[in-house]
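Visitor: Below is the structure I would like to discuss, written out as C-alpha cells.
The values are calculated or read from the model by the stated rules, or taken from the named source; none is laboratory data. These numbers come from a predicted model, not from an experiment. No Cβ is skipped: glycine too gets one built from the backbone with ideal geometry, and neighbour counts run over all protein chains shown.
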Amino acid sequence: MQTVEIPLGQRSYRVDIGAKLLESPEHWLDCVGGGLILVVSNERVAPLYLHRVLDCLPKDRAHSLILPDGEQHKTVSSWRRIVNELVSMKANRDACLIALGGGVIGDLGGFAAATYMRGIRFVQAPTTLLAQVDASVGGKTGVNHAHGKNLIGAFHQPTRVLADTATLDTLEDREYRAGIAEVIKYGMIRDADFFDWIENHAGAISQRDPQTLLTMVRQSVENKAAVVAEDELETHTRALLNYGHSFGHALETLTRYEHYLHGEAVAIGMVIAARLSEQRGRLAPGVADRLQSVLNRFGLPTRFHEAIKPNAILDAMTLDKKNVSGKLRLVLLRGLGEAYIDQDCSREQVLEAVRSCREA
Ligand code: NAD
Ligand code: GLY
C-alpha cells in the first residue's frame, strides 16, 4: 500500500492506495468512527464491490443505499434519497457516509455528508480511475442543476480516501482511458517528469499492470495534493487543475453530454490549449504535438467532430462561470509542466487554436 497525505490543518487526511484495500477490515475500522455507517453506491458498482465492503464493517452499524447509475442521477433528488436514508437510520452527527463508486457517487455522497446535520464524517472509496486520481481528493462535492453541472455544492473534505486499484480491473476500457486524460493533465500543468514517465510506461498503463497502476495513481494524487494544499478553496492556483476543461466543458455542453466522456472532452481541450499557448509564443513549438501523440497512444480523441462549429465553442465558453468581467480566463502553458492563467487572449486567437483541432 502507498499513502499520500493531504495536509490541510485540522482537515488533513490520508489517501491510501493499493490493491484489495476495500476487502481489508483494518483499513475500514481505522476510518469509519464509532457511529452508524451508510455506504452509498450505484447499481453498477454495488453488485461488484458492496458485499466486500459490508463484510468488513460492523453488521449492527452498517447500512447501504444503492442509487441508479449515471451522471443524470447526480441530482437534488438523489441527494434527498441519501438524506432520507440517514434520517430513517436515525443517524447522528457521529455517523459516517462511505461513497463507493466513481466521481458521480463521490460528489453526491460527499454533498450529502457535507449537508446532513451540517457535516458528518465521509470516506471516499473511488472505483474509477478518474475518481481515484482526481474527484475523490480535494473536497469538492455537489450535484447538478437543470441549468448547469455542479451548480449546487460544498467543500467538504473526506476523513480518508481508500483507492483500491484492483477495482480498476472491471472498469470499461473507454472509462479507463478517459481517466488517463486527467493523469496526463498533471504532467502538463506541473510535473514534466511525470509526463515523461507516462510516455515511457504507455504500454504497461494500457495493460493496467498492477504495479504501474499503483505508481500512476500515487503520482497523480501527489500532484493533486500539492495543488489542493496550496489553495483548498480555489481562490488562485487550484484553477490550474482546469487545464483543458474550459474547452472540454464547451464540447460536453454542445453535445449534450452524449458524445464525449468528460476525460475525452478534456483530452481535446488540452490540445487546443497547448496549440493556443504555442500560437501566442508562450510555449516552445512541439509540445502540443507531443501531447497529441501521447493522448492518441491511449486512444483518446484530440480533434472535435466536424459538425461542431468553432464559434459555438467560443460562445459556450463565454458563459463559463470561471470567466471574470467578460474576459475568457484560460489555463495555458509556458512550458511542459508549467501552467498559468491567461486573461488576455482575443477571440480571434482562441478561434484559430480551436479551428486547428477540428476534424477535417
Ligand atoms: P462515473 O461515476 O459515472 O463512473 C463511470 C462509470 O463507471 C459508471 O457507469 C460507473 O457506475 C462505472 N463504474 C465505476 N466504478 C466501476 C468499476 N470499478 N467497475 C466497473 N464499472 C465501474 O464517472 P467518473 O468518470 O468516475 O466521474 C465523473 C464525475 O466526477 C462527474 O460528475 C464529475 O463532475 C465528477 N468530478 C468531480 C471532481 C471533484 O473534484 N469533485 C473532479 C472530477 C470529476
Ligand atoms: N477537479 C478540479 C478540482 O478538484 O479542483
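Visitor: Can you find even one residue in segment 141-154 that is within 14 Å of ligand 2 (Cβ to nearest atom) and more than 29 Å from A95 (Cβ to Cβ)? It would help to see each step written out before you state the result.
Guide: Taking segment 141-154 as the starting set, the residues that turn out to be within 14 Å of ligand 2 (Cβ to nearest atom) are 141-142, 149-150, 153-154.
Then drop every residue that is not more than 29 Å from A95 (Cβ to Cβ), which leaves none.
No.
Visitor: Something else now. Pick from segment 324-349 the residues that are in a loop (DSSP other than H, G, I, E, B) and closer than 25 Å to P301 by Cβ: which of them is modelled with the lowest pLDDT? Steps first, answer last, please.
Guide: Let us first name the residues in segment 324-349 that are in a loop (DSSP other than H, G, I, E, B), namely 325-326, 328-329, 336-337, 343-346.
Remaining after also requiring closer than 25 Å to P301 by Cβ: 328-329, 336-337, 345.
On the way: L328: 89, R329: 92, L336: 98, G337: 98, C345: 94.
Per the stated criteria, the residue is L328.
Visitor: Output the number of the condition that E352 fails; it satisfies all remaining conditions of (1) over 27 Å from K224 (Cα atoms); (2) of a type in the set (D, E); (3) assigned to a loop (DSSP other than H, G, I, E, B).
Guide: E352 satisfies all of (1) over 27 Å from K224 (Cα atoms); (2) of a type in the set (D, E); (3) assigned to a loop (DSSP other than H, G, I, E, B) except (3).
Visitor: Conditions first: (1) within 18 Å of T141 (Cβ to Cβ); (2) under 21 Å from the mean Cα position of the chain (by Cα). R80 passes all but one, so which condition is the exception?
Guide: With respect to (1) within 18 Å of T141 (Cβ to Cβ); (2) under 21 Å from the mean Cα position of the chain (by Cα), R80 is out only on (2).
Visitor: For L100, which of the numbered conditions (1) modelled with pLDDT of 95 or more; (2) more than 16 Å from the chain's Cα centre (by Cα); (3) not basic (K, R) fails to hold?
Guide: (2)
Visitor: Show the residue pairs that are 6+ apart or on different chains and have beta-carbon atoms under 8 Å apart, the first residue being within segment 204-230 and on the phi < 0 side of the Ramachandran plot, the second being away from ligand 1 (no atom under 13 Å from the Cβ) and of a type in the set (D, E).
Guide: As it stands, the answer is Q219/D191; N223/D191; A225/E5, since those pairs meet every condition given.
Visitor: Continuing with this model, one more query. Does any residue of segment 238-247 turn out to be in a loop (DSSP other than H, G, I, E, B), within 24 Å of V4 (Cα to Cα), at pLDDT 95 or above and away from ligand 1 (no atom under 14 Å from the Cβ)? Lay out the reasoning, then the answer.
Guide: If we filter segment 238-247 for residues that are in a loop (DSSP other than H, G, I, E, B), which is where we start, we get 243-244.
From the residues that got through so far, the ones that are within 24 Å of V4 (Cα to Cα) too are 243.
Pick out the ones that are also at pLDDT 95 or above and you get 243.
Applying the additional criterion that residues be away from ligand 1 (no atom under 14 Å from the Cβ) yields none.
Checked against the condition, which is being in a loop (DSSP other than H, G, I, E, B), within 24 Å of V4 (Cα to Cα), at pLDDT 95 or above and away from ligand 1 (no atom under 14 Å from the Cβ), segment 238-247 yields no hits at all.
Visitor: Of the residues R52, R80, R93, which is more than 16 Å from ligand 2 (Cβ to nearest atom), basic (K, R) and surrounded by 15 or more Cβ atoms within 10 Å (Cβ to Cβ)?
Guide: Details: R80 fails: surrounded by 15 or more Cβ atoms within 10 Å (Cβ to Cβ); R93 fails: surrounded by 15 or more Cβ atoms within 10 Å (Cβ to Cβ).
Only one candidate qualifies: R52.
Visitor: Follow-up. Scan segment 81-97 for residues that are over 12 Å from I66 (Cα atoms) and of a type outside the set (K, R) and jot them down. Talk me through it step by step, then tell me what you get.
Guide: Taking segment 81-97 as the starting set, the residues that turn out to be over 12 Å from I66 (Cα atoms) are 83-84, 86-97.
Those that are over 12 Å from I66 (Cα atoms) and of a type outside the set (K, R): V83, N84, L86, V87, S88, M89, A91, N92, D94, A95, C96, L97.
Visitor: Next up: Identify the residue in segment 221-257 that is under 15 Å from L314 (Cβ atoms) and polar (S, T, N, Q) and, among all such residues, is farthest from ligand 2 (Cβ to nearest atom).
Guide: That would be T253.
Visitor: Oh, and also: Are there helices (runs of 4 or more DSSP H) fully within segment 138-222 with at least 1 residues that are touching a helix residue (DSSP H, G or I) at 6+ places or on another chain (Cβ under 9 Å) and farther than 26 Å from A339 by Cβ? List them. Show your work before the answer.
Guide: Values: elements: 173-190, 192-200, 202-206.
Per the criteria, 173-190, 202-206.
Visitor: Out of the residues in segment 248-301 that are of a type in the set (D, E, K, R) and assigned to a helix (DSSP H, G or I), state the one that is nearest to the chain's Cα centre (by Cα).
Guide: Filtering segment 248-301 down to residues of a type in the set (D, E, K, R) leaves 252, 256, 258, 264, 275, 278, 280, 282, 289-290, 297.
Remaining after also requiring assigned to a helix (DSSP H, G or I): 252, 264, 275, 278, 289-290, 297.
Numbers: E252: 15, E264: 13, R275: 24, E278: 27, D289: 25, R290: 23, R297: 21 Å.
Filtering first and then ranking leaves E264.
Visitor: Just the residues that are within 15 Å of ligand 1 (Cβ to nearest atom) and either out of contact with any helix residue (DSSP H, G or I) (no Cβ under 9 Å at 6 or more places or on another chain) or over 25 Å from T165 (Cβ atoms) (or both), please, taken from segment 36-47. Write out each step before concluding.
Guide: In the first step, residues of segment 36-47 are kept if they are within 15 Å of ligand 1 (Cβ to nearest atom); the result is 39-47.
Within segment 36-47, E43, R44, A46, P47 meet the criteria.
Visitor: Does S206 fit the bill of being within 14 Å of ligand 2 (Cβ to nearest atom) and either of a type outside the set (A, V, I, L, M) or modelled with pLDDT of 95 or more (or both)? Break it down stepwise before answering.
Guide: Values: within 14 Å of ligand 2 (Cβ to nearest atom): no; either of a type outside the set (A, V, I, L, M) or modelled with pLDDT of 95 or more (or both): yes.
Criteria not met by S206.
Visitor: For segment 228-237, what are the residues that are within 11 Å of ligand 1 (Cβ to nearest atom) and in a helix (DSSP H, G or I)? Before the answer, list the steps.
Guide: Keep residues of segment 228-237 that are within 11 Å of ligand 1 (Cβ to nearest atom), which gives 228, 234.
Residue satisfying the conditions is V228 alone.
Visitor: Scan segment 181-195 and tell me whether some residue there is more than 15 Å from ligand 2 (Cβ to nearest atom) and at positive phi. Before the answer, list the steps.
Guide: So the first thing to find is which residues in segment 181-195 are more than 15 Å from ligand 2 (Cβ to nearest atom), and the list is 187, 191-195.
This time we only want the ones that are at positive phi, so: none.
No, segment 181-195 contains no residue that is more than 15 Å from ligand 2 (Cβ to nearest atom) and at positive phi.
Visitor: Tell me, please, whether a residue that is within 16 Å of ligand 2 (Cβ to nearest atom) and of a type in the set (K, R) can be found in segment 27-44.
Guide: Looking only at segment 27-44, we keep the residues that are within 16 Å of ligand 2 (Cβ to nearest atom), and these are none.
Among the residues of segment 27-44, not one is within 16 Å of ligand 2 (Cβ to nearest atom) and of a type in the set (K, R), which makes the answer no.
Visitor: Considering segment 118-135 alone, what residues qualify as being over 20 Å from R52 (Cα atoms) and near ligand 1 (Cβ under 8 Å from one of its atoms)?
Guide: At the first step, the residues of segment 118-135 found to be over 20 Å from R52 (Cα atoms) are 118-121, 130, 133-135.
If the condition is that a residue be over 20 Å from R52 (Cα atoms) and near ligand 1 (Cβ under 8 Å from one of its atoms), then L130, D134, A135 are the ones that fit.
Visitor: Does at least one position in segment 211-219 carry a residue that is closer than 24 Å to E71 by Cα, touching a strand residue (DSSP E or B) at 6+ places or on another chain (Cβ under 9 Å) and within 12 Å of ligand 2 (Cβ to nearest atom)? Steps first, answer last, please.
Guide: Going residue by residue through segment 211-219, those that are closer than 24 Å to E71 by Cα are 217.
Pick out the ones that are also touching a strand residue (DSSP E or B) at 6+ places or on another chain (Cβ under 9 Å) and you get 217.
If we keep only those that are within 12 Å of ligand 2 (Cβ to nearest atom) as well, we get none.
For segment 211-219, residues closer than 24 Å to E71 by Cα, touching a strand residue (DSSP E or B) at 6+ places or on another chain (Cβ under 9 Å) and within 12 Å of ligand 2 (Cβ to nearest atom): absent.
A quick yes/no check of all residues on (1) touching a helix residue (DSSP H, G or I) at 6+ places or on another chain (Cβ under 7 Å); (2) in a loop (DSSP other than H, G, I, E, B):
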site	(1), (2)
Y49	yes, no
C56	yes, yes
D69	no, yes
N84	no, no
N92	no, yes
L97	yes, no
I105	no, no
L108	yes, no
